[in-house]
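Report on one structure; see the data block that follows.
The values are calculated or read from the model by the stated rules, or taken from the named source; none is laboratory data. Computed from a predicted model, the values in this text were never measured in an experiment. Backbone-built Cβ (ideal geometry, glycine too); neighbour counts: all protein chains shown.
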Amino acid sequence: MSHKTFNVDLFNFITSSPTSYHCVDRLSKLYKEAGFTHLKENTVWNLKAGTGYYVKRDNGAIIAFTTSPGYPEVNDSSSVCFLGAHTDSPSLKIKPAPFSYTAGLGKLGVEVYGGPILATWFDRNLAIAGRINYIDTQNHFHTVLYNSSTPIVYIPSLAIHLDRSKNNDNHINAQTHLPLLLLQKSSDNEFNFNEWLLDELKKKDLSPAEVLSHDLFCYDPLPPQYIGKDEEFFNAHRLDNLASCFAGAKALIDAAEQRRACFFICNDHEEIGSTSLSGADGSFAMDVFSRVYPIPEDRQRIKYNSLMISMDNAHATHPNYADRSDDNHFIELNKGVVIKTNSKLRYATNSVTSGFFKLTCKQADVPFQEFVMRSDLPCGSTIGPVTSALFGIKTVDVGIPSLAMHSIRELTGSLDVFHLYKAILHFVSRT
Ligand SMILES: [Zn+2]
């Protein structure tokens with residue numbers, strides 16, 4: 001398979017995953033098509049050897065796992081290939097009662113979700129997606145995914161003539177500058193946002209009586225696009241961290257025939273600190289792992305032998321801001337998977353897990369690079385440290401090199417996600 005063939009499926013995955021909920025929905029369809037069995041947390045599980053399963057929580061997190069041919073037997077060398085990624089990305093979240101008028105224009109108020117580069121959300125055609133909770137005519141409660149798919153809202157910039165300092169000091173007030181332009185006021189009737197959502201759901205062959213609540217985000221509906229003289233790069237929305245979700249899921253599916261014990265955790269809410277029902281700093285992963293291996297001693301023996309590869313995007317060196325990178329650790333697009341280290345353990349990598357990942361890459365014939373932050377700049381983090389600490393498992397933090405992290409469109413090399421996939425495929429299929 002070429003990287004271009006791989007990227008066709010990657011681009012489709014990114015396009016159909018505008019929110020964490022849609023990402024989980026898409027992943028569950030991929031697992032189902034590959035023969036994995038859907039498990040619900042409220043049912044009894046009768047797990048079999050050499051089989052694939054997946055479990056979802058709160059629409060935003062999903063764990064897929066495969067059992068070994070010898071399951072449930074555990075011996076001194078039993079191990080599980082752990083993988084981790086996150087399903088959410090920085091965004092603008094629509095408020096519970098968002099609608100208001102100013103100067104004849106109807107707007108939707110938003111909260112900032114995570115740490116987006118806010119300036120990149122202006123002057124874009126934005127779509128709306130997320131989940132909506134409603135009752136039907138029998139007062140039955142339903143939760144449904146929603147995606148406008150086409151652009152529907154917009155944040156126009158203030159003209160340069162009205163703020164001459166804009167190019168020097170583009171201060172953005174989230175309360176007053178970010179409300180989304182939705183409509184022009186008309187004389188016939190007052191607009192009600194929940195009633196508008198009700199009409200949107202009716203168009204989708206549902207029979208809602210009343211919309212109760214929602215988690216709706218805006219996003220850039222433009223599909224991923226190649227750029228560069230020879231299509232060396234591509235840009236996309238939510239590349240952080242859909243790239244890792246897709247690379248991990250495809251590797252798990254493609255290696256499923258080998259039936260090694262694997263465990264791929266995709267958590268929600270990494271961008272806002274991970275403490276939640278479906279976040280990495282929550283109970284989901286351990287709840288599921290404890291049901292797959294109910295005997296505490298078995299779990300501890302497995303964890304001792306196991307390694308987690310925590311996948312999240314890394315910073316490539318920006319050609320116009322190269323002074324923001326450590327001189328000896330320049331990271332190049334298309335030049336390999338990035339291993340991330342930090343002395344304060346903002347990344348969970350240590351020398352042992354880094355060495356193991358390098359060996360994996362060598363065996364898979366995949367290049368790798370090493371990232372460390374400049375010593376005079378603070379370092380970001382990932383789900384790696386919290387998962388490693390909660391789970392008690394050796395972890396390496398890796399990811400694709402990317403530019404413009406947390407912009408509405410992020411950029412990576414055309415080879416980069418394919419490189420990550422090949423390394424992960426080797427990790428989950430080695431014997
Ligand atoms: Zn991330």
Next on the checklist: Show the residue pairs meeting these rules: Cβ distance below 8 Å; 6+ apart or different chains; first residue within region 33-56 and on the phi > 0 side of the Ramachandran plot; second residue in a loop (DSSP other than H, G, I, E, B).
Outcome noted: G50/T67; G50/S68; G50/P69; G50/Y71; G50/R259
Checklist outcome for this item: Expected output for region 1-13 (first residue free of Cβ contacts under 8 Å to residues at least 12 places away in the same chain, partner acidic (D, E) and assigned to a helix (DSSP H, G or I), Cβ below 8 Å, 6+ apart or cross-chain) is none
Checklist entry - Going by the structure shown, is K166 out of contact with any His (no Cβ under 8 Å at 6 or more places or on another chain) and in a loop (DSSP other than H, G, I, E, B)? => result yes
Checklist entry - Give me the pairs: first residue in region 189-213 and within 13 Å of N147 (Cα to Cα), second residue surrounded by 13 or more Cβ atoms within 10 Å (Cβ to Cβ), beta-carbon distance under 6 Å, and six or more apart or on different chains, which are they? => result L197/I132; L197/V211; L201/P208
Next on the checklist: Here are the criteria: (1) touching a residue at least 12 places away in the same chain (Cβ under 8 Å); (2) assigned to a loop (DSSP other than H, G, I, E, B); (3) surrounded by fewer than 19 Cβ atoms within 10 Å (Cβ to Cβ). Tell me which single one K229 does not satisfy.
Outcome noted: (1)
Next on the checklist: Just to be sure before I move on: is H329 surrounded by 14 or more Cβ atoms within 10 Å (Cβ to Cβ) and within 16 Å of the ligand (Cβ to nearest atom) in the structure I sent?
Outcome noted: no
Next on the checklist: If L252 meets every condition in (1) away from the ligand (no atom under 16 Å from the Cβ); (2) at pLDDT 95 or above; (3) crowded, with 20+ Cβ neighbours inside 10 Å; (4) not in a helix (DSSP H, G or I) apart from one, which number is that one?
Outcome noted: (4)
Checklist outcome for this item: Every listed condition ((1) hydrophobic (A, V, I, L, M, F, W, C); (2) more than 14 Å from the ligand (Cβ to nearest atom); (3) surrounded by 21 or more Cβ atoms within 10 Å (Cβ to Cβ)) holds for V338 save (2)
Item to check | Every pair of residues 6+ apart whose Cβ atoms lie under 9 Å, when the first sits in region 236-249 and is at negative phi and more than 10 Å from the ligand (Cβ to nearest atom) while the second is acidic (D, E) and assigned to a loop (DSSP other than H, G, I, E, B) | outcome: A236/D220; H237/D220
Checklist outcome for this item: Selection over region 382-395 where residues are in a strand (DSSP E or B) and surrounded by 21 or more Cβ atoms within 10 Å (Cβ to Cβ) yields a count of 1
Item to check | V398 crowded, with 19+ Cβ neighbours inside 10 Å, within 16 Å of the ligand (Cβ to nearest atom), outside any loop (DSSP other than H, G, I, E, B) and at pLDDT 95 or above | outcome: yes
Checklist entry - strands (runs of 3 or more DSSP E) wholly in region 45-111 with at least 1 residues that are within 16 Å of the ligand (Cβ to nearest atom) and at pLDDT 95 or above - which ones? => result 61-66, 81-86, 91-102
Next on the checklist: Could you go through region 372-381 and let me know if any residue there is surrounded by 23 or more Cβ atoms within 10 Å (Cβ to Cβ), within 28 Å of G282 (Cα to Cα) and either within 15 Å of the ligand (Cβ to nearest atom) or of a type in the set (A, V, I, L, M, F, W, C) (or both).
Outcome noted: no
Checklist entry - Given (1) surrounded by 12 or more Cβ atoms within 10 Å (Cβ to Cβ); (2) assigned to a helix (DSSP H, G or I), where does A209 come up short, assuming only one miss? => result (2)
Checklist entry - Of all residues in region 325-344, how many are of a type in the set (K, R) and closer than 20 Å to I309 by Cβ? => result 2
